[in-house]
Amino acid sequence: MQLFYISIAMTFYFFAYVLSENSIAHTVNHSFPVVYLLILFVTFILVLRKRIRITINEKQRLFLMVTFSVYVFSPLVSFNVINFNFYSNINNIFYDLIFIIVIVIISSQTENIIQFYKVMLAIAIGNGLYIFPEILFSFSQVLNIDNYMWILQGERITRATYGLRHPNFAGMILLVEIFSILFCLIRTRSIFNKSICLVLEILLIIVLITTGNRAAVYSVILSIVVGLYLLLLKKAPRLIRNILLLYSIFILFIFMFMIFDWNSFYTSSESLTERYILMKSVLNYIPLYGDYLFGIAPIDQISLASDLIFLRNDNWFIQTIVLYGVFGLISMLVLVIYLFVYQISNYFKSGLYISLFKLSLLVTVITYSTMEITLFAHGYSWSLLLWIVILSKFKHFEQPKR
């Protein structure tokens, strides 16, 4: 199994490397999922040697059914695969299928808390092997006051990249490291190790701010608020807790869709205004090239960023409607809501930190995906981390800490 964890670490390292300025193949994550080949090869060898076996639980079966229906089956049966570039669309379907398989493989090997911890440690080490040297080499960016001014001014004067091709890539890689080390911080019992992890977490959050990645910073803040709120709710009697939880969800829904001034938010900076205009305009193309039920076509990110940029926007939910239609979005939302409710129920029943950790990560990725397209995307490690964590297989047998 050590080889399996090494393959995970190397996969997350190469995810970051492919997005770096020094990469010799900038588009390899989307043009061919080479980062997954090592895991697939190692898994094949270990299965042949009977060192591991792959069995799936209810959550993973639901994930398989929904994602296969949305990203593989529906584009084929609706014939959307023939739109624009048939060969490219078929490739993207195949790569999404590999992504689904890899998620199931890794999450199936978390049958207990120790195995899950080893997976998270492998992710932290592999991802950290790229990002920490880059932080040290570019430490002047951490000290550059201009990288923090966007907090007060809205507009970003300068943004740190830490060797990545775009500050948003840096923010995403930093988020992977923040959450993988966060679990190690929670899990480890050594005071020394906890201290090291805590120092690294503080450094990573400071570094994240310097990238000017608003989606990443806002999503982390919201996840902290939600986490603290759930901790407080845990102390309330069951009936009061359930009432407060339902009331909070209702109030949040009313606030987000009826009270919050989204126009003012999106006009607060030029970059947000541009995103808002693209988000609204892209919906107009659906009936021209496809339909609202199944969308337009399973277009890969490279085509969307180059040849078909008029169809691209930085909101995963809108992008899913465009490419996979209302069927795709509703199917994925049902999956996400089920997993969210499952984790909330499990947290209130067991009180275990792992459920709260999963909820915090899920809230972060959902929030992040309102400004990026990473909730389900085979080219990004941030998406892979989410599904590995949320689909982890082990039963929560541990008792709550006193």
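The values are calculated or read from the model by the stated rules, or taken from the named source; none is laboratory data. Keep in mind that what you see is a predicted model, and the values were worked out from it rather than measured. Cβ: placed from backbone, ideal geometry, glycine included. Neighbour counts: every protein chain shown. Calculation scope for accessible area: heavy atoms of the full protein, side chains included, ligands and nucleic acids excluded. Shrake-Rupley method; radii C 1.70, N 1.55, O 1.52, S 1.80 Å.
Points worth noting:
- Qualifying residue in the range 204-218 (condition: exposed (fewer than 15 other Cβ atoms within 10 Å of the Cβ) and either basic (Lys, Arg) or in a loop (DSSP other than H, G, I, E, B) (or both)): no
- Matching residues, the range 169-187, being open to solvent by 20 Å² or more (accessible area, probe 1.4 Å) and either touching a Gly at 6+ places or on another chain (Cβ under 7 Å) or not aromatic (Phe, Trp, Tyr) (or both): 182, 185, 186, 187
- Residue 31 vs. criteria modelled with pLDDT under 95, under 14 Å from residue 173 (Cα atoms) and among the small types (Gly, Ala, Ser): no
- Failed item in (1) crowded, with 18+ Cβ neighbours inside 10 Å; (2) out of contact with any helix residue (DSSP H, G or I) (no Cβ under 9 Å at 6 or more places or on another chain), with residue 320 passing the rest: (2)
- Scanning the range 133-146 for residues that are touching a residue at least 60 places away in the same chain (Cβ under 8 Å) and of a type in the set (A, V, I, L, M, F, W, C) gives 135, 142.
- In the range 140-177, the residue that is modelled with the lowest pLDDT out of those that are within 14 Å of residue 210 (Cβ to Cβ) and β-branched (Val, Ile, Thr) is 157.
- Residue match in the range 104-117 (condition: assigned to a loop (DSSP other than H, G, I, E, B) and charged (D, E, K, R)): yes
- Set side by side, the residues 95, 71, 87 differ, and just one is open to solvent by less than 50 Å² (accessible area, probe 1.4 Å), over 19 Å from residue 60 (Cβ atoms) and either over 19 Å from the mean Cα position of the chain (by Cα) or of a type outside the set (A, V, I, L, M, F, W, C) (or both), which is 95.
- Test: residue in the range 182-201 that is within 16 Å of the chain's Cα centre (by Cα) and touching a residue at least 60 places away in the same chain (Cβ under 8 Å): yes
- Of the residues contained in the range 294-310, one or more are found to be crowded, with 19+ Cβ neighbours inside 10 Å, over 24 Å from residue 214 (Cα atoms), modelled with pLDDT of 95 or more and in contact with a Pro (Cβ under 6 Å, 6 or more places away or on another chain).
- Checked against the criteria, residue 130 does not count as open to solvent by less than 10 Å² (accessible area, probe 1.4 Å) and hydroxyl-bearing (Ser, Thr, Tyr).
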